[in-house]
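Worksheet: one structure, shown below.
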Amino acid sequence: MHQIETIAMFWAHYDDDLVFANPTLLQALADGHRAHTFFFTGSDAGKGVSEYADGRERGIRAAYDTMRGGSGAWSDETVVLSSGLTVTVTRPDGDDRISLSFLRLPDGGLRGGGYAVTGWHSLPKLLSGELPAIRTIDDEQSVTLEQLRSTVAELVALHDPTIVIANYPGFEDVDGDDHPDHQTVGRVVASVVEAGVIPAEKVRYAIGYPGARRPANIDPILLDRKLTAFAAYGANDPVVAREAVRDYLGVRGFGEWLQREYLVPHSELGPHPQQ
């Protein structure tokens with residue numbers, strides 16, 4: 001009997017894991033491993049609490065159903081963490097291998113400055129110190145950078161993962177061609193690693209938008225499985241929704257990202273500023 005392994009993941013948006021850390025994730029679930037995923041933002045694209053954001057949450061549940069080979073109801077629980085943050089944790093009924101945690105901070109947008117509807121709050125502004133705290137879009141709880149770092153440390157300790165995967169920090173990305181929310185999440189996780197709280201050898205960072213400049217590297221069979229999972233999500237996201245699974249390869253940006261997966265060990269990040 002093989003040993004059950006555990007993946008703990010930290011992402012900016014509801015589809016980052018599906019796009020940038022697959023087929024690693026779907027293979028892990030197919031092998032019976034555990035996956036605990038924490039999403040920093042409500043992925044609302046400046047709409048705040050909305051049908052759009054709710055749809056993306058339904059979509060990520062549907063994608064995990066596809067990857068785990070199951071279907072049915074999910075149950076939500078409100079959890080107060082030791083960091084002081086309140087999150088919604090959702091799990092598929094009858095399958096304790098999987099949990100998704102939603103903090104629902106505002107999406108920062110492609111420029112990182114946030115949106116009017118959510119008070120121009122954003123993760124990059126929090127990381128830079130421009131804002132001492134930002135508010136979640138649903139319950140307007142105030143969130144500090146130290147609370148985010150403490151939350152990452154707390155969840156890693158709770159789940160005791162074999163591997164930790166997060167968005168790529170992009171310290172060397174002088175052109176800024178990745179989503180600023182991606183970079184910020186990666187930098188928050190990297191700072192916890194650098195503090196010695198998470199063993200560096202466990203940590204991998206998934207390259208985001210800049211991965212499109214690298215060669216496509218996913219086996220065709222695994223790509224089909226990846227596209228099927230993403231299509232389950234995409235059916236709930238009107239920005240990317242398409243009629244057929246293979247049509248997602250024609251979606252601007254996504255078509256390139258979906259054909260690639262590049263996970264970088266923490267040791268290969270190179271010199272970077274402490275934040």
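Throughout, read-outs are computed from the coordinates displayed, never taken from laboratory work. Since we're looking at a predicted model, the values are computed, not measured. Please note: Cβ atoms are built from the backbone with ideal geometry, for glycine as well, and neighbour counts cover all protein chains shown.
A few notes on this one:
- Fewest-first ranking of Ser101, Ser150, Ser75, using other Cβ atoms within 10 Å as the exposure measure: Ser75, Ser150, Ser101
- If only the Cβ of Lys and Arg carry +1 and only the Cβ of Asp and Glu carry -1, the dipole of the stretch 6-265 around its Cα centre is close to 320 debye.
- Relative contact order computed over the chain (Cα-Cα under 8 Å; 6+ residues apart), in percent: 23 percent
- Hull-based mean projected area of the stretch 6-265, where the convex hull spans the alpha carbons, in square nanometres: 12.7 nm²
- Furthest towards positive pole of dipole, Ala216, His13, Gly114, structure part the chain, Cβ charges: Ala216
- Zone residues, the stretch 252-270, relative to Glu201, backbone N less than 16 Å from point 7 Å out along Cα-to-Cβ: 265-268
- C-alpha center-to-center spacing [the stretch 186-208, the stretch 74-140] in angstrom: 19 Å
- Cα pair count fraction exceeding 18 Å, expressed as % - the stretch 1-102: 47 percent
- Charged side chains reduced to their Cβ positions (Lys and Arg at +1, Asp and Glu at -1) give the stretch 1-69 a dipole of some 80 debye around its Cα centre.
- Secondary-structure-derived ellipticity at 222 nm for the chain, considering helices only, amounts to -9500 deg cm²/dmol, per-run term -39500 (n - 2.57) for DSSP H runs with n ≥ 4.
- Were the residues from Ala30 through Val245 laid out at 0.36 nm apart, the gain over their Cα-Cα distance would be 75.4 nm.
- Proxy reagent accessibility, fewest Cβ within 10 Å first, across Leu145, Leu25: Leu145, Leu25
- With both residues required to sit in the chain, DSSP beta bridges show an antiparallel share near 45%.
- Per-residue Cβ neighbour rank within 10 angstrom, fewest leading, Arg260, Arg104: Arg260, Arg104
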